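Working notes, structure below.
Laboratory data are not the source of any read-out in this text; all were calculated from the coordinates shown. Only a predicted model underlies this, so the values are computations on that prediction, with no experimental measurement involved. So basically every Cβ, Gly included, is an ideal-geometry build from the backbone, and we count neighbours across all protein chains shown.
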Amino acid sequence: MSQNRSPLVAGVFSLLVPGLGQIYIGQRYRGVAILLGTLVAAGMVFWYGDPLWYFVPALIGLWNVWDAVSLARAGQTRPIWIPVLAALLAAYTIGWQVVGIDFSAADADRAMQILRPMLRPDFVQERREVNSMWVPVQVPCGPQPPQARREDGGKSALVMPDCAGVNETMILNVNGMWPDTDTNVVWRTPIGDPKMIGENEAEMLVVRSDASGVVTTAIHVPSTALVAAPDPTLPQEHRVYVYQYRPKGGIELSYIGSEVLNGALITIGMALIATMLAVFLAIPISFLAAHNLMGGNPVTYAIYVVMRTILNVLRSIESLIIAIIFVVIVGLGPFAGVLALAMHSIAALAKLYSEVIEGIDPGPIEAIRATGANWLQTVRYAVIPQIIPPFTAFTIYRWDINVRSATIVGFVGGGGLGFLLIELIRVNNMQGVSAVFITIAIIVTAMDYISAKIRERLV
Amino acid sequence: MENRLSTGKIIRNTLLAALIILALGISWNVTGVDFPRLIRDLPKGRNIVLAFLTPDLTTRETTTTTVSLAFPIPCGSAPEGEVLTSGPRLVPSVTCAEPKTKFTLEGFDLAPNSEIVIRWKLPDERIMTAIRVQSDEKGYFTANMEARPIAATANNISSRLEVDALTPVGGLKPSEAVQDVLAAMFVTIFMALLSTTLATIVAAPLSFLAASNITKRGPLGTLVYYFTRSIFNLLRSYDPLVMATVFGFWLSFGAFPGFLALSVVTVASLGKLFSEAVEGIDPGPLEALQATGANRLQMVIYGVVPQIVPDFISFIIYHWDINVRISTIIGFVGGGGIGYYLSERINGFEYSKAGTAIWAIVLVVMAMDFLSAEVRKRLS
Amino acid sequence: MLRIQHVSKTYPNGTQALKDVSFDVADGEFMVVIGLSGSGKSTLLRCINRLIDPSEGKIYWNDTDVTSANAAELRNIRRNIGMVFQQFNLVKRSSVLTNVLSGRLGYANPWLSLLGIWPQEEKDRALKALARVGIAEKAFSRADALSGGQQQRVGIARALMQEPKIILADEPVASLDPVLSHSILQYLEVLNKEGITVICSLHFLDLVHRYATRVVALKDGMKVFEGSAKEIDRAKFKEIYGEEAQEVRAASF
């Protein structure tokens, strides 16, 4: 077809609009691709604003004229790798700058600071026994301070003198504690606020008990003891606590560990409920979005087109973004995450379901109708048996995906592991972060395995 | 069929059903499902959804004329402004006020039919927008104001009432949001492109280590095979956003940590797909090459590579598509690009601008979906 | 007695599949409709039980007007007419027994059948029907686990469940090899001997000679021949369908 086209016309066409010459010669696909490619390259360079890079669209333009002329003259194309290479070169160089890739910023020391605690995930801790005792102290001194001594279960504690002002020093003496054990001493204000009274009030005061279980130490009233008091001149009862710990053998869940497990439960639950809600809504919608059911007349076809469009738009919005809307409506928490996941899943499932419906074999429907079955019976015996197994497989597949997504809707307040992860990162608790990472890996791998097994059996 | 159901099967099915119901019940509880609340509070979502549906796309070019008037709060703290009697002017019902008193402000002979922005210019030059009204055809407006305590006189300098009349001239032009979104979108697409590329470069050689037909020979090979496999599987189980939280924490916010997080997960994901493609190759041509006396490397280049290239390209394009999708949201947790822009706008309650970003995401994701499907269709 | 009078069918896309076709089928006949693919055989058979509505003409079955029957009447007529299909049209994921039972839907209690509950007598009837076509032991297999010949036998068992007066068989052996073809047609022949009218479309002349009591030939939607099987020999076949039809027929064996 190309031999009766004029090389001059083709060249001029391609010079005016890249690709037009190729279209003129009859290579429509090539022409459109060249046009799009040139536009994208030019747009990219224009946006980046460095005039140096205009050589790329210029090069593509020149190549395109060459290609058109040579196609018209000899029916031979010119190598496409020239413009592709130029465009890639520009894309990568510009992209490198725009993304701000800077491997020298990848600070290894900081990485180690983050990674080292991650090797010790905060899941469990040693089970330990606590031995505690407290004694009241009046701060500041009133006219007749009560005695600062207390006895309890074979232990006795006293502070001398019975009362003191802020920053004043006192002597603490406790009898009947475990012998030769490190003992933490903590000050508690009347509202129960703990204060550290070690070095600079920034560290725990730790004293070792002697061989007969006696703890003796000098303590001072913390400078912040009266900060929260309504009237700092009014004498009030403060308390001095001593704690001893010793391993009991065995391990128990740490606080973070229990939070992580709770988060994992919420995450799996979110995925489960979201998938269930999505199935209920996606089934009727999928029938409306199935071409073979809705293609019959203009009204149903219009419904079909509208449905498909809504589903496509909804499907391209990540559940994370949808979650933002639901957080505004129902507040922070897993429910917002459930709704967001459900919304996205409805769109995804309805599309898959409708494709199943479009793909069913019409033969059995005809056969069942021919036996004199009514409409409902036909659906029950010819349609449902065909769609149930693929529907189930897709649903389980979706649940699997939702477990993954449930970890990230938490980032915007959707609850579960994601929410916990963001909080832990914020307070720089890398041991906790590590526990979350391990849990996610276990859950996702297990889900992967289970869902693959079930789907294998269904198909 | 029923007579074929053994008692064991019935018990198993009943247990399974009970288990599912139990799981749903527990999930329902821990997730705090509360539909009455959803229905009751649905109106709360109206504004945000409406704003998303009416994205900030265009602005009109305007000329701004400003008039201002000194307004001491409280009275006597500074000289009062002089109220003009002609020309564009502001006329408050009182020329000074105690904090929290209400007054009306009138404007005369301003630009007709224009948007009027009334604001306080505080003594320290900060601007506080109070209210927006519309002027009538004579250039007149009236507005109810309150002498806000924050606008009190400081250092003997009083706050000023400033009024901008924005008169539209000329046509529509893309709004600032559109330009910002466009720029952020470029970053996003490049982030996806570069991370997919880096991931390909790393994953392609690694995938051979994770292919049983290539590597699983001898104890060392078997070890390498299982090790690579496990790493792929482990990394693959993290959503790129989860990965990005740590990378963002390490490298501070920006497109670079987002790019790295995306790359790491893509390496694992592509590595697995690639290795499966390598495992699926036809051994026939390899045997033939071996028969000609080719060495291992030659066998890979002439026997393996030609068989896997189409699969590889298809996987790469598929992943670029996925990565564009993910990089639109990776900014929420420390990656840059459109996700960061979006989360910033949402945190600032600028929902119309957020709407612009969301529509841009929808368009780009749908376009990528279509393009990648088309290209892969052509390849297969 | 089935009477087909001046039946025409034009599809919405303009294709005229049947043009003024008329013939009668007496009770107990093994009537074969022959024709090349696209000659209108399938459309004709589907017009008889109105899986396809004819555009013009009338079909009477024992003086009941099939063409003007309302939905309820039509279901009543259909349950007396069994149908066997070229592609078997079984629900592949359902068990063989369920597929056979579904032939009884026109008789069954509509609500119980929706729940999948069948009385024991119906299940016995289904097992008996499967036994008649020689695959009783496959009752609990999934339909797609069966070979093509076995699937077609399930199709016949499904038609038997209807206790039909007529069986419409649309190219029942076109997807099977010659040996299986004979075995399937022999089942239909046995049923025919028991008094069921069989209307069967075929495109192999040898099979027509072996089984048909009467033949109707279609070409481009028009009836071009009606008579006994003996009257239509190879020469006549060639005269009707031309040279290439001979080749198609020959190549098929």
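Just a few scattered comments:
- Mean Kyte hydropathy of 1.6 or more with a Cα span along the axis of at least 24 Å, helices from DSSP in chain A: A:81-99, A:255-288
- Sequence-separation-based contact order of the stretch C:89-163, relative, with Cα cut under 8 Å and 6+ spacing, percent: 51
- Helix B:7-30 vs. chain B, principal-axis angle (Cα, 0 to 90°, nearest 10): 30
- One equal scatterer on each Cα of the stretch A:255-458, no solvent, Debye formula: the resulting log10 I(q)/I(0) at q = 0.08, 0.13, 0.15 Å⁻¹ is -0.35, -0.77, -0.93.
- When the Cα positions of A:Ala393, A:Ala342, A:Ala289 are compared along the charge dipole of chain A, A:Ala289 comes out farthest toward the positive end, with charges on each C-beta of Lys, Arg, Asp and Glu.
- Rounded Å value of the spacing that divides the Cα centres of the stretch A:57-80 and the stretch B:220-244: 46
- Note on the stretch B:177-379: dipole from Cβ charges, positive end direction compared against B:Ala203, B:Ser327, B:Val187; the farthest Cα belongs to B:Ala203.
- Scaled against 2.2 N^0.38 Å for its residue count N, the alpha carbon radius of gyration of the stretch A:2-99 is 1.11.
- Relative contact order (percent, whole number), chain A, Cα cutoff 8 Å, 6+ residue spacing: 13
- Cα pair distances in the protein assembly as shown, grouped into 20 Å bins until the bin that holds the longest one, percent each: 9, 24, 30, 23, 10, 4, 0
- Measuring against 25 Å, Cα to Cα, the residue pairs C:Lys193/C:Lys230; C:Lys41/C:Lys165; B:Lys44/B:Lys102; B:Lys9/C:Lys92; A:Lys453/C:Lys138; C:Lys123/C:Lys165 contain B:Lys44/B:Lys102; A:Lys453/C:Lys138 as the ones spanning a longer distance.
- Listed values for the stretch A:179-184 are Karplus-derived 3J(HN,Hα) couplings in whole Hz (6.51 cos²θ - 1.76 cosθ + 1.60, θ = phi - 60°), namely x, 6, 10, 5, 10, 8, and x replaces Gly and Pro.
- Only the Cβ atoms of Lys and Arg (+1) and of Asp and Glu (-1) were treated as charged; on that basis the dipole of the stretch C:89-163 about its Cα centre amounts to roughly 180 debye.
- Volume per residue of the convex hull around the Cα atoms, evaluated for the stretch B:2-52, comes out as 135 Å³.
- The residues packed around A:Val186, meaning those with a beta-carbon under 11 Å from its beta-carbon, carry a net charge of +2 if Lys and Arg are +1 and Asp and Glu are -1.
- Given charges at beta-carbon only (K, R positive; D, E negative), |dipole| of the protein assembly as shown in Debye: 2900
- 10 Å Cβ shell holding at most 14 others, DSSP loop, GluC sites (Glu not before Pro): longest site-free stretch of chain B: B:138-380
- Counting Cβ atoms of other protein chains within 10 Å of each Cβ in A:321-333 and taking the mean gives 6.
- Average other protein chain Cβ within 10 Å of Cβ, residues C:47-58: 1
- Summary value for chain B: 16 percent relative contact order, contacts being C-alpha pairs under 8 angstrom separated by 6+ residues.
- Translational diffusion of chain A, µm² s⁻¹ [Kirkwood Rh, Cα pairs; Stokes-Einstein; 37 °C; 0.692 mPa s]: 109
- Using every pair of distinct Cα positions in chain B, the Kirkwood expression returns a hydrodynamic radius of 27.3 angstrom.
- The stretch C:133-147-the stretch A:183-231 distance, computed between alpha-carbon centres (Å): 83
- The 3J(HN,Hα) values that the Karplus relation (6.51, -1.76, 1.60; θ = phi - 60°) gives for the stretch B:194-199 are, in residue order, 5, 5, 5, 5, 4, 4 Hz. Gly and Pro appear as x.
- Shielding by partners for peptide C:90-103, expressed as the average number of C-beta atoms from other protein chains within 10 Å of each residue's C-beta, is 5.
- Neighbour counts of other Cβ atoms within 10 Å put B:Thr59, B:Thr129 in the fewest-to-most order B:Thr129, B:Thr59.
- Positive dipole terminus of chain C, leading residue within C:Ala169, C:Val21, C:Ser102 (C-beta point charges): C:Ser102
- Here chain A is assigned +1 on the Cβ of each Lys and Arg and -1 on the Cβ of each Asp and Glu. Its dipole about the Cα centre then comes out at about 1980 debye.
- Debye-sum result for the stretch A:124-252 in log10 I(q)/I(0), which assumes one identical scatterer on each alpha carbon, at q = 0.10, 0.15, 0.18, 0.22 Å⁻¹: -0.32, -0.70, -0.95, -1.29
- Separation of alpha-carbon centers, the stretch C:185-224 and the stretch B:298-377, rounded to whole Å: 61
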